[in-house]
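Peer 1: Right, I'll just put the structure down here and ask away after.
The values are calculated or read from the model by the stated rules, or taken from the named source; none is laboratory data. All figures in this text were calculated on a predicted structure; none of them were measured in a lab. Please note: Cβ atoms are built from the backbone with ideal geometry, for glycine as well, and neighbour counts cover all protein chains shown. Side chains included, ligands, DNA and RNA excluded: accessible areas come from the protein's heavy atoms. Shrake-Rupley method; radii C 1.70, N 1.55, O 1.52, S 1.80 Å.
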Amino acid sequence: MRIRFIMPLALLLSFMLFACQQADNNAQPKMAVVDMARVMRDSELGKAGVKFLESLQGDMQTKLNDIQQRLEANPKDAEAQKELQAVYMAAQQRMQVEQQNVVNLLYDTIQRVINTYRTEKGYTVIISTEAAAAFDSKSDVTNEVLELVNKQKIDFKPVSPEAAAAPEAAAPKTEAPKADAPKDDKAAKAKK
């Protein structure tokens, strides 16, 4: 009689254990990794961004070469020396702004694609391969993300001169309150 009682109980316990294991497996977050640097570099958008920047750099280099030729013809031309320095500095600043703009456009587009992909495929988390200490190559979704990014379009345009000057204009505004803050602290202490 004991065997009849123990067998159904053991069978019931094994089903319950199997059910608990299935629930645990379903509770595991679904994770993937993506090589962001590869997507930025190898995508059609990334290549288009590089071409855009190269064309801007070529235009700026032409201007610098013209001034350099004038200086070679007349090395004592102080105005040409000042112009060369000013154009060079402006070109460097502009290229920094343009590079940042291209990177921001690429990153925003890639991030949007990854978020959509994550939602559609049911992933809980997709992290960058650079942030992962180790991962199974089966969890790498870089190729799929790269295909989706290649279907996107970005119209790279030069940053307007006003927008390029905006970071310079904003910098003194952020520095001024820092300088005023200690004065306010002194005034507040004096009132006490």
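Peer 1: Q57: open to solvent by 80 Å² or more (accessible area, probe 1.4 Å), within 23 Å of Q93 (Cα to Cα), touching a residue at least 12 places away in the same chain (Cβ under 8 Å) and not β-branched (V, I, T), yes or no? Outline the logic, then answer.
Peer 2: Values: open to solvent by 80 Å² or more (accessible area, probe 1.4 Å): yes; within 23 Å of Q93 (Cα to Cα): yes; touching a residue at least 12 places away in the same chain (Cβ under 8 Å): yes; not β-branched (V, I, T): yes.
In short, yes.
Peer 1: If you don't mind, another one. Please indicate, with yes or no, whether at least one residue in the stretch 84-94 is under 24 Å from V141 (Cα atoms), open to solvent by 60 Å² or more (accessible area, probe 1.4 Å), out of contact with any Phe, Trp or Tyr (no Cβ under 9 Å at 6 or more places or on another chain) and in contact (Cβ under 8 Å) with a residue 24 or more places away in the chain. Talk me through it step by step, then tell me what you get.
Peer 2: Initially, the stretch 84-94 is screened for residues under 24 Å from V141 (Cα atoms), giving none.
The answer is no; no qualifying residue exists.
Peer 1: Need pairs with beta-carbon distance below 8 Å; first residue touching a residue at least 12 places away in the same chain (Cβ under 8 Å) and closer than 14 Å to V34 by Cβ and within the stretch 120-136, second part of a loop (DSSP other than H, G, I, E, B) and of a type in the set (D, E); sequence gap 6+ or separate chains.
Peer 2: These pairs meet every condition: S128/D35; T129/D35; E130/D35.
A quick yes/no check of all residues on (1) modelled with pLDDT under 90; (2) closer than 28 Å to D140 by Cβ; (3) touching a Leu at 6+ places or on another chain (Cβ under 9 Å):
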| position | (1), (2), (3) |
| --- | --- |
| L13 | yes, no, no |
| F52 | no, no, no |
| R70 | yes, no, yes |
| N104 | no, yes, no |
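Here is a yes/no grid of residues against (1) under 30 Å from L148 (Cα atoms); (2) in a helix (DSSP H, G or I); (3) out of contact with any strand residue (DSSP E or B) (no Cβ under 9 Å at 6 or more places or on another chain):
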position	(1), (2), (3)
V39	yes, yes, yes
L45	yes, yes, yes
A48	yes, yes, yes
K51	yes, yes, yes
S55	yes, yes, yes
M60	no, yes, yes
L64	no, yes, yes
R70	no, yes, yes
P75	no, no, yes
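Peer 1: Taking the stated definitions as given, is D35 within 30 Å of G122 (Cα to Cα), modelled with pLDDT of 80 or more, loosely packed, with under 13 Cβ neighbours inside 10 Å and within 32 Å of the chain's Cα centre (by Cα)? Let's see the steps before the verdict.
Peer 2: On the way: within 30 Å of G122 (Cα to Cα): yes; modelled with pLDDT of 80 or more: yes; loosely packed, with under 13 Cβ neighbours inside 10 Å: no; within 32 Å of the chain's Cα centre (by Cα): yes.
Criteria not met by D35.
Peer 1: With respect to K76, is the statement that it is of a type outside the set (V, I, T) and at pLDDT below 90 true?
Peer 2: Numbers: of a type outside the set (V, I, T): yes; at pLDDT below 90: yes.
Against the criterion (of a type outside the set (V, I, T) and at pLDDT below 90), K76 qualifies.
Peer 1: Would you tally the residues in the stretch 135-168 being of a type in the set (A, V, I, L, M, F, W, C), at pLDDT 90 or above and exposed (fewer than 14 other Cβ atoms within 10 Å of the Cβ)?
Peer 2: Looking only at the stretch 135-168, we keep the residues that are of a type in the set (A, V, I, L, M, F, W, C), and these are 135, 141, 145-146, 148-149, 154, 156, 159, 163-166.
Those still in the list that are at pLDDT 90 or above too: 141, 145-146, 148-149.
Cutting the leftovers down to exposed (fewer than 14 other Cβ atoms within 10 Å of the Cβ) gives us none.
Residues flagged as of a type in the set (A, V, I, L, M, F, W, C), at pLDDT 90 or above and exposed (fewer than 14 other Cβ atoms within 10 Å of the Cβ) within the stretch 135-168 amount to 0.
Peer 1: I would also like to ask the following. Does Q69 satisfy the criteria of being without any contact (Cβ under 8 Å) to a residue 40 or more places away in the chain and either touching a Ser or Thr at 6+ places or on another chain (Cβ under 6 Å) or surrounded by 14 or more Cβ atoms within 10 Å (Cβ to Cβ) (or both)? Lay out the reasoning, then the answer.
Peer 2: On the way: without any contact (Cβ under 8 Å) to a residue 40 or more places away in the chain: yes; either touching a Ser or Thr at 6+ places or on another chain (Cβ under 6 Å) or surrounded by 14 or more Cβ atoms within 10 Å (Cβ to Cβ) (or both): no.
No: the conditions fail for Q69.
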